[in-house]
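I'd like to ask some things about the structure below.
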Amino acid sequence: MKHFILFYDTAPDYLERRPEFRGAHLKLAQDAAARGELVLAGALADPPDAAVLVFKGEDKSVAEKFVAADPYVKNGLIANWRVREWTTVVGEGALTQVPAAGQG
């Protein structure tokens, strides 16, 4: 398993148009979380011009499938998106553990 970060850049009218699609977007996210695919997600604040979603899966298709189904993307609320593999090494959920400092 690996972590993947999905970066969303929101469209200029995102805040105005979001209410219409928010319920369906959140349902999609909650379903992905229930399956263990979506680890964390949320919009960035001040300014609210982007969002970050962290996925766990075998490859980046786990995030790409989310994008393909996301009503925010389908309806133009997301101007750009990209997926990056994230090598997590420290913390409870890290998938590539490294020895503690001084232990190797």
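The values are calculated or read from the model by the stated rules, or taken from the named source; none is laboratory data. Treat the numbers as computed from the prediction; the structure is a model and nothing was measured. Methodologically, a virtual Cβ is constructed for each residue, glycine included, from the backbone with ideal geometry; neighbour enumeration extends over all protein chains shown.
Which condition breaks for Ile5 when tested against (1) assigned to a strand (DSSP E or B); (2) of a type in the set (A, V, I, L, M); (3) in contact with a His (Cβ under 7 Å, 6 or more places away or on another chain)?
Here Ile5 meets the rest and fails (3).
Of the residues Lys56, Lys60, Lys65, which single one is surrounded by fewer than 15 Cβ atoms within 10 Å (Cβ to Cβ) and among the basic types (Lys, Arg)? Walk me through how you get there before you give the answer.
Working: Lys56 fails: surrounded by fewer than 15 Cβ atoms within 10 Å (Cβ to Cβ); Lys60 fails: surrounded by fewer than 15 Cβ atoms within 10 Å (Cβ to Cβ).
Lys65 is the lone residue from the list that is surrounded by fewer than 15 Cβ atoms within 10 Å (Cβ to Cβ) and among the basic types (Lys, Arg).
Same structure, new question: Taking segment 34-64 as the region of interest, how many residues are in a loop (DSSP other than H, G, I, E, B), modelled with pLDDT of 95 or more and of a type in the set (Gly, Ala, Ser)?
The number of residues fulfilling the criteria is 1.
Scan segment 49-62 and tell me whether some residue there is of a type in the set (Lys, Arg) and within 13 Å of Met1 (Cβ to Cβ).
So in segment 49-62, the residues of a type in the set (Lys, Arg) come out as 56, 60.
Then keep just the ones that are within 13 Å of Met1 (Cβ to Cβ); that gives 56, 60.
Checked against the condition, which is being of a type in the set (Lys, Arg) and within 13 Å of Met1 (Cβ to Cβ), segment 49-62 yields at least one hit.
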